[in-house]
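Working notes for the structure below.
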Amino acid sequence: MTEEKGTQPPVAEKLEADQGEALAVQRKLTAFPGKFVFVVGILMSLVHIWFNTFGVIAEIQRNAVHYAFVLVLGFVLFPLSKKKPDQTLPIDFILAFLGMAAGFYMIFFEDALHARNEVPILPDLIFAGLAIVLLLELTRRCTGYLIPALAIFFLSYVTFLGQHFSGLLQFRGVTVERILYRMYFAPDGIFGTIATISSTYVFLFILFGAFLLKSGAGDFILKLAMSIMGRTIGGPAKMAVVASGFMGSISGSAVANTVGTGSLTIPLMKSTGFRPHFAGGVEAAASTGGQLMPPIMGAGAFIMAEWTQIPYLKIIGVATIPAIMYFASVIFFIHLRARRRGLEVPDKADIPRIGEVLREGWHFLIPIGMLIWLLMYGFTPTFSAAISTATVVAASWLNKKTRMGLRDIADALYLGAKNMISTGVVLLCSGILVGVVLLTGMGTTFSIIAMDLSGGYLFVMIILVALASLILGMGLPVTASYIVLAVLMAPAMQFMGVSLLAAHMLIFWYSQDANVTPPVCLAAYTAAGIAGSKPLRTGLEAWKLAKGLYLIPLLFCYTPILFEGPLWLVAEAVASGMIGLFSFAIMSEGFFFRLVRMPLRFIYGGVTVLMFWPGYQTNAVGFAIFVVLMLIQMLVARKTQATPSAA
């Protein structure tokens, strides 16, 4: 805070943190370009706060303003050429101006289109095409080639390619003029529902997280996690899990989470005896879970609330217990690995006491409490986020060390806008995919195909969703992966008897593996850079540690763990799930008090199946086997330890 007063406007650097959906290269900006993006970023945040609280503006026009800001900042921050960013800056400023023009054309000429009975003229089509091309180019810069390629394939399918398919996938096609109109002027295109989610919920919650981090909440979270887990075996690694859970509850970004906590926890893990690839894997797996932890989950949670019309408060309420279970599953792996490697408890003298940490940073809890209180009393998520953001500033003045001045507020406004760019681009470009699906009825078609492939068995359908998410996760960011799977697979799951909430929550969880699925796993590769380990090996380790992403969602479909049944059944599902996760960790690590040989590991795998199998009878059998195995392992371990001393 105070130490940053009087500094120059933040410069753009190589993207390693706070970028939400992607890793890319940002241009280093100084002088006028740096001041330009700083001012535009502040203006973007202020405008979004205004039209999400007290401003009155048509939805499609608000989304057009959002589009214009995203493209202006995006083209200036993300260079055309990574090798020669300075030489291409004039071109990028021209593209930024064209992006602004494409957005504001909608605002100024939408009424004229309506006056012509929705008949577009040549300028309408030109600006529609320009808006789509510019969006695809910026998406390529921020996320790579896959999302733009997917969007181009969808546009090709709806115009001419669908004619060459047979059977259910055949589509006779529409004219280019019609698709341009639908993508630009209709409420199911790039300014449609997905853009609404981006310009409202997602932006304000990202801004709220930026204010919290700027106020110093990140340091408080790390100290709090250290005080909770620092005095246990494998403390630094467990601290990473707790810190990532807390940090994810205010950031909703796995990559930002990885850098924010990993820069401290990964070196600590390595210093206490964990190997670099494991340390990086722990941080990536834990940071991925940050998008599952309320109150601020990933952008997909806001899309889920909008599409399903389930209140966001209910979504974060039912998501809390499964998120805690996920972090517990990662801790199980850490504890077993630490015991297997013979690691000891860290020096307690270096660990802060929890009481001291809370006395110094208790005021950071006020904005989060305010957010939850406003949501519980029926205020909209956007209004709640805006008021809670203001509360961050007020609460910061309760401690001399964290008081936010005008410069700090300006920096937080800019940071929120900058952090929104890559996420906003993904969401806006996803509007093309959703628009094509709605136009062609592709969602129903894929649901029929998926049901045929599954043979009517729900478990097979879940495997198909998991495989699809695994493949999509190799190239798509988390939010795009969720959108594609939700529009194509969620209806099929509902046809098979899964509730609306459970179907979307399962897909939301499975889409998170984009951060830990090699060969493209952003969180894992970011952690590998900090740990100094091989990216692919770190990614594979993170993928192993994050297996709770696949196991826990099974409970969504087969048990009432999302509070869709009696409380005693919810409690039974949680208890059996936790034992099943621990058994799976034992099977994977091959250690429990002592080394576990392969035949016994298969038995622990069987216990995992029994504990996740629906029905308390099978759960009871699994629990009995687990207890017997645990007692045998304890007795054998004690006998082994006592033998040398007796000799």
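Here are some notes:
- Among the numbered conditions (1) closer than 20 Å to GLY317 by Cβ; (2) open to solvent by less than 10 Å² (accessible area, probe 1.4 Å), the only one that THR479 does not meet is (1).
- Hits in the range 615-629 - residues which are modelled with pLDDT of 90 or more and either open to solvent by 50 Å² or more (accessible area, probe 1.4 Å) or not aromatic (Phe, Trp, Tyr) (or both): GLN617, THR618, ASN619, ALA620, VAL621, GLY622, PHE623, ALA624, ILE625, VAL627, VAL628, LEU629
- Pairs where the first residue, in the range 286-300, is more than 18 Å from ILE197 (Cα to Cα) and the second is open to solvent by less than 10 Å² (accessible area, probe 1.4 Å) and of a type in the set (Asp, Glu), C-beta under 7 Å, 6+ apart: none
- Contact map, the range 267-278: first residue closer than 15 Å to ARG537 by Cβ, second residue part of a loop (DSSP other than H, G, I, E, B) and open to solvent by 60 Å² or more (accessible area, probe 1.4 Å), Cβ cut-off under 8 Å, separation 6 or more or different chains; pairs are PHE274/ARG341; PRO276/GLY532; HIS277/LYS534.
- Criterion violated by GLY281 - all others in (1) modelled with pLDDT of 90 or more; (2) open to solvent by 10 Å² or more (accessible area, probe 1.4 Å); (3) not β-branched (Val, Ile, Thr) satisfied: (2)
- In the range 313-337, the residues that are of a type in the set (S, T, N, Q) reach residues that are in a helix (DSSP H, G or I) and open to solvent by less than 20 Å² (accessible area, probe 1.4 Å) with C-beta atoms within less than 8 angstrom, at least six apart or across chains, in these pairs: SER329/GLY548; SER329/ILE552; SER329/LEU581; SER329/ALA585.
Each row is one residue, and each column tells you yes or no for (1) of a type outside the set (Val, Ile, Thr); (2) closer than 28 Å to GLY300 by Cβ.
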residue	(1), (2)
ALA237	yes, yes
VAL241	no, yes
ALA254	yes, yes
ARG275	yes, no
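- A single member of MET183, MET226 is farther than 30 Å from ILE107 by Cα and crowded, with 23+ Cβ neighbours inside 10 Å, and it is MET226.
- For ARG172: the one exception among (1) farther than 24 Å from ALA101 by Cα; (2) in contact with a Leu (Cβ under 9 Å, 6 or more places away or on another chain); (3) basic (Lys, Arg): (2)
- Any hit, the range 438-458, residues being open to solvent by less than 30 Å² (accessible area, probe 1.4 Å), within 23 Å of CYS142 (Cα to Cα), without any contact (Cβ under 8 Å) to a residue 60 or more places away in the chain and not aliphatic (A, V, I, L, M): no
- Within the range 499-512, being open to solvent by less than 30 Å² (accessible area, probe 1.4 Å) and either more than 16 Å from the chain's Cα centre (by Cα) or free of Cβ contacts under 8 Å to residues at least 60 places away in the same chain (or both) holds for LEU501, ALA502, ALA503, LEU506, ILE507, TYR510.
- Odd one out for MET325, checked against (1) open to solvent by 50 Å² or more (accessible area, probe 1.4 Å); (2) under 24 Å from the mean Cα position of the chain (by Cα); (3) not small (Gly, Ala, Ser): (1)
- Looking only at residues of the range 563-584 that are part of a loop (DSSP other than H, G, I, E, B) and either out of contact with any Ser or Thr (no Cβ under 7 Å at 6 or more places or on another chain) or not acidic (Asp, Glu) (or both), we find that the one that is most open to solvent (accessible area, probe 1.4 Å) is PHE563.
- In the range 531-550, the residues that are in contact with a His (Cβ under 6 Å, 6 or more places away or on another chain) and open to solvent by 20 Å² or more (accessible area, probe 1.4 Å): SER533, ARG537, GLU541
- Total residues in the range 593-607, condition within 21 Å of ALA571 (Cβ to Cβ) and touching a residue at least 40 places away in the same chain (Cβ under 8 Å): 0
- Beta carbons closer than 8 Å, at least 6 apart along the sequence or on distinct chains, pair a first residue in the range 384-400 that is crowded, with 17+ Cβ neighbours inside 10 Å with a second that is in a loop (DSSP other than H, G, I, E, B) and polar (S, T, N, Q) for VAL392/SER215; VAL393/SER215; ALA395/SER215; SER396/SER215.
- Set side by side, the residues VAL11, VAL25 differ, and just one is within 30 Å of ALA284 (Cα to Cα), out of contact with any Phe, Trp or Tyr (no Cβ under 7 Å at 6 or more places or on another chain), open to solvent by 20 Å² or more (accessible area, probe 1.4 Å) and modelled with pLDDT of 50 or more, which is VAL25.
- LEU204 being open to solvent by 10 Å² or more (accessible area, probe 1.4 Å) and either free of Cβ contacts under 8 Å to residues at least 60 places away in the same chain or among the aliphatic types (A, V, I, L, M) (or both): no
- Unmet requirement for LEU485, which otherwise passes all of (1) buried (at least 19 other Cβ atoms within 10 Å of the Cβ); (2) in contact (Cβ under 8 Å) with a residue 40 or more places away in the chain; (3) touching a Leu at 6+ places or on another chain (Cβ under 8 Å): (2)
- Helices (runs of 4 or more DSSP H) wholly inside the range 328-400 containing at least 3 residues that are farther than 28 Å from VAL318 by Cα: 354-361, 381-396
- Inside the range 513-524, residues that are closer than 14 Å to GLY262 by Cβ and surrounded by fewer than 24 Cβ atoms within 10 Å (Cβ to Cβ) make up a count of 0.
The values are calculated or read from the model by the stated rules, or taken from the named source; none is laboratory data. Here the structure is a predicted model, which means the values were calculated and not measured. Virtual Cβ from ideal backbone geometry, glycine too; neighbours counted across all protein chains shown. Protein only, heavy atoms only, side chains kept; ligands, DNA and RNA dropped before computing areas. Shrake-Rupley method; radii C 1.70, N 1.55, O 1.52, S 1.80 Å.
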